[in-house]
Amino acid sequence: MNRIASLPRRGFLQVSAALGAFTLGIRVPEAAAQGAAPAATPEVNAWVVVKPDDSIIIRIARSEMGQGTLTGLAQLVAEELNADWSKVSTEYPTPGQNLARNRAWGNMSTGGSRGIRESHEYVRKGGAAARMMLVEAAAQGWGVPAGECRAANSTITHQPSGRTTTYGKVAEAAAKLTPPTDVPLRDPKDWTIAGRSLPRLDTVEKTNGKQVYGADLTLPGMLNAAIRDCPVFGGKVASFDAAKVASMPGVKKVVPVGETAVAVVADTWWRAKTALDALPITWDNGPNAQVSSASIAEVLKAGLEAPEAAIGNRAGDAKAAIAGAAKRVEATYGYPFQNHATMEPMNATALWTPERCEVWTPTQNGEAALAAASEAAGLPPAKCEVYKIHLGGGFGRRGAVHDWVRQAVDIAKQMPGTPVKLLWSREEDMLHGRYHPITQCKLTGALDAQGNLTGLAMRISGQSIVAGIFPQNIRDGRDPVVFQGLSPGGEEGAFGYAIPNILIDHAMRNPHVPPGFWRGVNLNQNAVYVECFMDELAHAAGKDPLEFRRALLRGSPKHLAVLNAVAERGGWGQPAPEGRARGLAQIMGFGSYVAACAEVSVSPAGELTIHKITAATDPGHAVNPQQIAAQVEGSFVYGLSAALHGECTVAEGRIEQENFDTYPVMRMMEMPAVEAILMPSGGFWGGVGEPTIAVAAPAVLNAIFAATGKRVRQLPLKHADLRRA
Amino acid sequence: MARLNINGRVVEIAVEDDTPLLWAIREQVGLTGTKYGCGVAQCGACTVHVDGVATRSCSMPVSAFDENQKIVTIEGLSPDGSHPLQKAWVALDVPQCGYCQSGMIMAAAALLAANPKPSDADIRGEITNICRCGTYNRVQAAIKQAAGGNQANG
């Protein structure tokens, strides 16, 4: 039995209050089940708690959703702390606590592959400052200068006398010291905990069923809710007939949720869902009821030729170069809507009273979840709290928009004093995503008589995520995120190719389907457009795709290095095994440099097999190499799922795919072998959760061309006919 | 009302006959290691053993079972996480978000019980569970390791 469920409710709420914000993060069930707050141990600082038994709790502000950031961030803190790694565990501070402490833990947002690259400096300083305070406390206890003491493996030694003590013994005294202001950090080349392929801290409970996800949470007296939102975006509820289901087993209440949705609250979720399925609901489908994939495609197509567009990268005169080209190459590509399809559907548990609102939810951004809860609750943030529960996948869906949190609070508000867990069905999750943006792209290239690329024009037409989610960040009609990987420079995603005349612009066209940040974001389609077109240009120039790229990447040594690495390890230039062909792709994004070499075969009947992918990553610094490898492997599952199958289509204003039977994703049978080459060159911090996704599709598409002579320019591949002509 | 033998214990459950086994396990028995992913037997996150056979519990009503059928969930696979697959999973750090992993391990355990030395092709053919984080290659390697092989990805 779930241990929380056996606790008397009153007891739980007292525990909840006594624990304050901290221990209710990762450990909700365990701490609550103990029936009392753990001994109050003062923190050394915001990042580090050391208990008298020498166990260490490292606080993690970012959310763990599988990407390993929990372990990586703990390694960075433990590294500077000189901690005994075997005694380290972690916990999430809550968003409410972060707010109350003037954001002591900084940004909680976990997206854009930023977990480590955005916070490495201040978390390491947190560990280093704690170490300095622990050493100082020991030195004061001995009456010796701190400079004569050294810390290693959670033990402090006074070197002249040989006396030792442990962190646990001096932690309370250390907590009373003034934090140091000058906190030097170790050179990464001297790392002993960071930089190593340590096992994750969260693996064991994921192999025995003990890991608690949001969907698993149970609170005393809790009810369950199932919801249906208007399947057409922009539509609303016209009417529903609650009386028809009021007497069904377990049903407690049928409630409107805003203007657009209805929820059934019951004792169990299955009964809530059963009643919801039986509930007569009439929809007002609103102004978008006639929109279809075809009508959206027409709008985007017109954008390819529109005179007005926001510029992302311009040099020289691309139009003139194209007009005067010895050879002109032109192609149009397209990329569809896709759902994140996290394995765990959206869910949140909310408890509302007129005085306070608490929410337990898997979120990539606890602070944004708190803001959403506060708004929906009609209470100031200080009277609300969010407890982050482990995520069953995030991929961007659980970050910027907390629509499910608002719904859960809205429902709980109609059941004051009773905790209610809202869980979306898979169908609800598929129909109410925040979809990968839809775009088309027309590319025109100019080759001179020697086959050199002298000009490139690239017109992107389609959706802007920023316009959909943070419209206040659109300046002069320009969404900078659209140009991921295509920018003229910068640390985020610089376009590596030196082309004398270039024009990359975006005609923003926003359909009614809401866009979202989808793992890899705009880098995904931009890499398809650029890297497949580079292959087309190389072919038109009669040049080897590797050599063609190398010539253009001469001034971009890091781009070139990962490309060279996959070419070499992937066997480029050497004969492929019988029936197989290879394709290349490279790009920079999320601060890292990535490349892939795919090896595929296509049967005469047109069946594609992806045999092997060699992938290289230069993330600057590597905090946990085996977890980076896991992210690279996983990126091919996500990226190839998208390339092979991923598509949400629109009919009568609504998404047509409702479950994995109509929205297939990659399974083990289709998975290629992946060789991950990690080549951290140092000196910068790049992300690893997303960039590799972008090279998955173009490497495979280019390999398909090499195998069949067929260019696939519209994803997903399932629509392509790869049979030999 | 249903009587089910779950992890060696017979439990009496007051639910409607058409309640899926998954939801009885999660909501009435209180074992939440078995996950809801799709509800239509597509993803395998709900996989349990019924008399040793991997079964997608989201699509089987409790009325299809009686107390003579032994249902085993991830919590009952081993008393202390010592099943060879669980040990291999830990050794290779297989899980990412972990949500699909109970189902993966249960599917793999049924495979090994029927086929103690599966080939790569056997594994790829039999394990049809969905993982969105992308653990497939480590899952495959861990199954091989648990089966006594040492092959890496393939």
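The values are calculated or read from the model by the stated rules, or taken from the named source; none is laboratory data. This is a predicted model, so every value here is computed, not measured. Using ideal geometry, Cβ is built from the backbone for each residue, glycine included, and neighbour counts are taken over all protein chains shown. Only protein heavy atoms, including side chains, enter the accessible area calculation; ligands, DNA and RNA are left aside. Shrake-Rupley method; radii C 1.70, N 1.55, O 1.52, S 1.80 Å.
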### Message
Please go through the range A:391-415 and give me each residue that is in contact with a helix residue (DSSP H, G or I) (Cβ under 8 Å, 6 or more places away or on another chain) and aromatic (Phe, Trp, Tyr), ordered by number.
### Response
A:Phe395
### Task
Can you confirm whether the range A:392-403 contains a residue that is outside the structural domain of A:Leu523 (by TED's automatic domain parsing), touching an Asp or Glu at 6+ places or on another chain (Cβ under 7 Å) and either surrounded by fewer than 24 Cβ atoms within 10 Å (Cβ to Cβ) or closer than 26 Å to A:Ala61 by Cβ (or both)?
yes
### Query
So is B:Arg132 within 11 Å of another protein chain (Cβ to nearest Cβ), over 16 Å from the mean Cα position of the chain (by Cα), of a type in the set (Lys, Arg) and in a loop (DSSP other than H, G, I, E, B) or not?
yes
### Message
If a residue must be within 23 Å of A:Arg114 (Cβ to Cβ) and in a helix (DSSP H, G or I), how many such residues does the range A:612-640 contain?
### Response
15
### Query
What number of residues within the range B:85-98 satisfy the criterion of being buried (at least 20 other Cβ atoms within 10 Å of the Cβ), part of a helix (DSSP H, G or I) and at the interface with chain A (Cβ under 9 Å from one of its Cβ atoms)?
3
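Scan the range A:179-234 for residues that are of a type in the set (S, T, N, Q), within 13 Å of another protein chain (Cβ to nearest Cβ) and farther than 18 Å from A:Met346 by Cα and jot them down.
Answer for the range A:179-234, where residues must be of a type in the set (S, T, N, Q), within 13 Å of another protein chain (Cβ to nearest Cβ) and farther than 18 Å from A:Met346 by Cα: A:Ser197, A:Thr203, A:Thr207, A:Asn208.
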### Query
Of A:Pro220, A:Pro249, which residue is touching a Leu at 6+ places or on another chain (Cβ under 9 Å), part of a loop (DSSP other than H, G, I, E, B) and not assigned by TED's automatic domain parsing to the domain that holds A:Leu76?
A:Pro220
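How many residues, within the range A:81-111, are part of a loop (DSSP other than H, G, I, E, B) and basic (Lys, Arg)?
Result for the range A:81-111: 2.
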### Summary
Note on the range B:4-25: residues more than 10 Å from chain A (Cβ to nearest Cβ), buried (at least 18 other Cβ atoms within 10 Å of the Cβ) and assigned to a loop (DSSP other than H, G, I, E, B) are B:Asn7
### Message
Checking A:Ala74 against (1) in a loop (DSSP other than H, G, I, E, B); (2) of a type in the set (Gly, Ala, Ser); (3) modelled with pLDDT of 95 or more: exactly one of these is not met. Which one?
### Response
(1)
### Message
Yes or no: the range B:99-115 includes at least one residue that is among the polar types (S, T, N, Q), in contact with a Ser or Thr (Cβ under 9 Å, 6 or more places away or on another chain) and either surrounded by 24 or more Cβ atoms within 10 Å (Cβ to Cβ) or within 11 Å of chain A (Cβ to nearest Cβ) (or both).
### Response
yes
### Query
Does A:Gln414 meet the test of being within 28 Å of the chain's Cα centre (by Cα) and among the polar types (S, T, N, Q)?
no
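Among the residues of the range A:655-664, is there at least one that is under 19 Å from A:Ser601 (Cβ atoms), free of Cβ contacts under 8 Å to residues at least 60 places away in the same chain and either small (Gly, Ala, Ser) or open to solvent by 10 Å² or more (accessible area, probe 1.4 Å) (or both)? I'd like the intermediate steps shown before the answer.
At the first step, the residues of the range A:655-664 found to be under 19 Å from A:Ser601 (Cβ atoms) are none.
No, because not a single residue in the range A:655-664 is under 19 Å from A:Ser601 (Cβ atoms), free of Cβ contacts under 8 Å to residues at least 60 places away in the same chain and either small (Gly, Ala, Ser) or open to solvent by 10 Å² or more (accessible area, probe 1.4 Å) (or both).
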### Query
Among the residues of the range A:641-676, which ones are within 13 Å of another protein chain (Cβ to nearest Cβ) and of a type in the set (Gly, Ala, Ser)?
A:Ser641, A:Ala642, A:Gly646, A:Ala673, A:Ala676
### Task
Take the residues in the range A:596-617 that are over 14 Å from A:Ala703 (Cα atoms) and open to solvent by less than 10 Å² (accessible area, probe 1.4 Å), then tell me which one is nearest to the other protein chains (Cβ to nearest Cβ).
A:Ala615
### Query
For the range A:528-570, what are the residues that are touching a strand residue (DSSP E or B) at 6+ places or on another chain (Cβ under 7 Å) and not in a helix (DSSP H, G or I)?
A:Ala541, A:Gly570
## Note on the structure
Scanning the range A:551-585 for residues that are among the charged types (D, E, K, R) and open to solvent by 40 Å² or more (accessible area, probe 1.4 Å) gives A:Arg554, A:Lys558, A:Glu568, A:Arg569, A:Glu578, A:Arg580
### Message
Take the residues in the range B:74-84 that are within 11 Å of another protein chain (Cβ to nearest Cβ) and over 24 Å from A:Thr342 (Cβ atoms); name whichever of them is most open to solvent (accessible area, probe 1.4 Å).
### Response
B:Pro79
### Message
If I go through the range B:79-109 residue by residue, how many of them are in contact (Cβ under 8 Å) with a residue 12 or more places away in the chain and within 22 Å of A:Met666 (Cα to Cα)?
### Response
18
#### Entry: Within the range A:414-433, considering residues that are among the small types (Gly, Ala, Ser) and away from chain B (no Cβ under 11 Å), the one surrounded by the most Cβ atoms within 10 Å (Cβ to Cβ)
A:Gly433
### Query
In the range B:26-73, which residue that is in contact (Cβ under 8 Å) with a residue 12 or more places away in the chain, of a type in the set (Lys, Arg) and closer than 24 Å to A:Ser425 by Cα is least open to solvent (accessible area, probe 1.4 Å)?
B:Lys35
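Here are A:Thr274, A:Thr192, A:Thr268, A:Thr207: which of them is open to solvent by 20 Å² or more (accessible area, probe 1.4 Å), under 28 Å from A:Met343 (Cβ atoms) and of a type in the set (S, T, N, Q)?
Answer to the check: A:Thr274.
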### Message
For the structure I just gave you, tell me whether A:Gly496 is within 25 Å of the chain's Cα centre (by Cα) and either over 30 Å from A:Pro220 (Cα atoms) or in a strand (DSSP E or B) (or both).
### Response
yes
### Task
State whether one or more residues within the range A:57-66 are open to solvent by 10 Å² or more (accessible area, probe 1.4 Å) and within 14 Å of another protein chain (Cβ to nearest Cβ).
yes
